[in-house]
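The structure appears right after this line, and notes come after that.
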Amino acid sequence: MKVAVLGAGAIGAYVGAALHRAGADVHLVARGPHLAAMRQHGVRVLSPRGDFTARAHATDDPADIGPVDFVFLGLKAHSYAACGPLIEPLLHESTAVVAAQNGIPWWYFHRHGGPHEGHRVESVDPGGAVSAVLAPERAVGCVVYAATELEDPGVVRHLEGTRFSVGEPDRSRSARCAAFSEAMVAGGLKCPVEPELRADIWIKLLGNISFNPISALARATMREMCLHGGTRRVIEIMMTETLSVAAALGCEPDISVERRLAGAERVGDHRTSTLQDLERGKPLELDVLLAAVVELADITGVPVPTLRTVHAISDLLALRTAA
């Protein structure tokens, strides 16, 4: 199995290292000091489950790699539309794109069935720009339940979790999902094939849609948000509204708001990825989290006043950060 990791940051490099350890032919696409470190020393993974080093091929030019069986997409969702020149050299007729994306993916309504079959979510696929680069037919959904940080160039700190759920948009148990899952498991990760992956998407989104923007607005950790009564109540309402939108689309995740909050509180003083991006002056990945769900509320007629309010305020923050 030949795999390219496009965007080999903390999550991408961690997955690439695991797949390399399993014997896959892995190629990491990165840039800057991180790329230089991986070329010289490989990827060093520091983990409670045991440290290891993977010396996979690393490059900044996908043309050096050529077509692969799988592209593991570790880029932020707002970079997808512009990744055409990077991904094109990696594709052959049956290359699958495994997108480790938070929030609502661009392929959400591809082979979804029902009244919204084929609907384009403008917030995540503006004008079809993402679908033009990443054909929905290539997409294998992936929901990440692992937490990692890039501690130093070439050094990935694995904090917790090893689960990467994957699934087909059409809910089938495909050979490509099975092959990718087997390789991930051989590398020491959990990778269940979930026919109803959209339920996993909404479960993960419950936390991202609420904690991520609030953490950026309040400059607060997970624990601080959970322990502050007013903020906790706002997050509860945001989660409840989100579940209402999911239900209107025929998806009812098997999780309660209280259980999701309890899990978040156990994480402790962790800074969300959005807060980390804000602190580093990077673009905030909020369109696929908040804007997309507000858009889905519009097409389903579900009232989401709190989501709309938080979206309006955090959108201004995102615009100021990008300026």
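Does T242 satisfy the criteria of being at pLDDT 95 or above, under 23 Å from L197 (Cβ atoms) and polar (S, T, N, Q)?
It is true that T242 is at pLDDT 95 or above, under 23 Å from L197 (Cβ atoms) and polar (S, T, N, Q).
Is it the case that some residue within the range 99-113 is assigned to a strand (DSSP E or B), closer than 23 Å to A8 by Cα and of a type outside the set (S, T, Y)?
The answer is yes; a qualifying residue exists.
Please state which one of T148, T95, T162 is at negative phi and modelled with pLDDT under 95.
None of the other options fit; the residue is T148.
Quick test of your reading of the structure: A100 fulfils all but one of (1) under 16 Å from the mean Cα position of the chain (by Cα); (2) of a type in the set (A, V, I, L, M); (3) open to solvent by 20 Å² or more (accessible area, probe 1.4 Å); (4) modelled with pLDDT of 95 or more. Name the failing condition by number.
With (1) under 16 Å from the mean Cα position of the chain (by Cα); (2) of a type in the set (A, V, I, L, M); (3) open to solvent by 20 Å² or more (accessible area, probe 1.4 Å); (4) modelled with pLDDT of 95 or more applied to A100, the lone miss is (4).
When you go through (1) without any contact (Cβ under 8 Å) to a residue 60 or more places away in the chain; (2) assigned to a helix (DSSP H, G or I); (3) of a type outside the set (V, I, T); (4) open to solvent by less than 40 Å² (accessible area, probe 1.4 Å) one by one for P195, which number turns out not to apply?
Tallying (1) without any contact (Cβ under 8 Å) to a residue 60 or more places away in the chain; (2) assigned to a helix (DSSP H, G or I); (3) of a type outside the set (V, I, T); (4) open to solvent by less than 40 Å² (accessible area, probe 1.4 Å), P195 fails exactly one: (2).
Could you tell me which residue of the range 21-58 is nearest to M1 (Cα to Cα), considering only residues that are touching a residue at least 24 places away in the same chain (Cβ under 8 Å), open to solvent by 80 Å² or more (accessible area, probe 1.4 Å) and outside any helix (DSSP H, G or I)?
R55
If you check H92 against the conditions, is it more than 30 Å from A199 (Cβ to Cβ), open to solvent by less than 40 Å² (accessible area, probe 1.4 Å), outside any strand (DSSP E or B) and touching a Pro at 6+ places or on another chain (Cβ under 8 Å)?
No; evaluated as a whole, the condition is false for this residue.
(1) assigned to a loop (DSSP other than H, G, I, E, B); (2) under 24 Å from G114 (Cα atoms): which one isn't true of E241, the others all being true?
Among (1) assigned to a loop (DSSP other than H, G, I, E, B); (2) under 24 Å from G114 (Cα atoms), E241 violates only (1).
Do we have any residue at all in the range 204-219 that's open to solvent by 20 Å² or more (accessible area, probe 1.4 Å) and touching a strand residue (DSSP E or B) at 6+ places or on another chain (Cβ under 8 Å)?
Scanning the range 204-219 turns up at least one residue that is open to solvent by 20 Å² or more (accessible area, probe 1.4 Å) and touching a strand residue (DSSP E or B) at 6+ places or on another chain (Cβ under 8 Å).
Looking at the range 27-63, which of its residues are more than 12 Å from A8 (Cα to Cα), of a type in the set (V, I, T) and out of contact with any Lys or Arg (no Cβ under 6 Å at 6 or more places or on another chain)?
Once the filter is applied, which keeps residues that are more than 12 Å from A8 (Cα to Cα), of a type in the set (V, I, T) and out of contact with any Lys or Arg (no Cβ under 6 Å at 6 or more places or on another chain), the range 27-63 yields only V45.
Kindly indicate whether G301 is open to solvent by 60 Å² or more (accessible area, probe 1.4 Å) and without any contact (Cβ under 8 Å) to a residue 60 or more places away in the chain.
When the stated conditions are applied, G301 passes them.
Which ones in the range 270-294 are assigned to a helix (DSSP H, G or I), open to solvent by 20 Å² or more (accessible area, probe 1.4 Å) and charged (D, E, K, R)?
Within the range 270-294, E279, D287 meet the criteria.
Go through the range 160-178 and give me each residue that's open to solvent by less than 70 Å² (accessible area, probe 1.4 Å) and either of a type in the set (S, T, N, Q) or farther than 12 Å from V98 by Cα (or both). Steps first, please.
Initially, the range 160-178 is screened for residues open to solvent by less than 70 Å² (accessible area, probe 1.4 Å), giving 161-162, 164-170, 172, 174, 176-178.
Passing the criteria: G161, T162, S165, D170, S172, S174, A178.
Kindly indicate whether G141 is on the phi > 0 side of the Ramachandran plot, of a type outside the set (K, R) and open to solvent by less than 40 Å² (accessible area, probe 1.4 Å).
no
Have a look at R260, R198, R233, R219 and point out the one that is within 21 Å of the chain's Cα centre (by Cα), of a type in the set (K, R) and farther than 23 Å from W107 by Cβ.
Matching residue, one of R260, R198, R233, R219: R260.
With the requirement that a residue be open to solvent by 40 Å² or more (accessible area, probe 1.4 Å) and in a helix (DSSP H, G or I), what does the range 220-229 give you?
Listed by number, the residues that qualify are R223, E224, L227, G229.
The values are calculated or read from the model by the stated rules, or taken from the named source; none is laboratory data. The structure presented is a predicted model; accordingly, all values stated were derived computationally and were not measured. Ideal geometry is used to build each Cβ from the backbone, glycine not excepted, and the neighbour counts take in all protein chains shown. The area values use the complete protein model at the heavy-atom level, side chains included, leaving out ligands, DNA and RNA. Shrake-Rupley method; radii C 1.70, N 1.55, O 1.52, S 1.80 Å.
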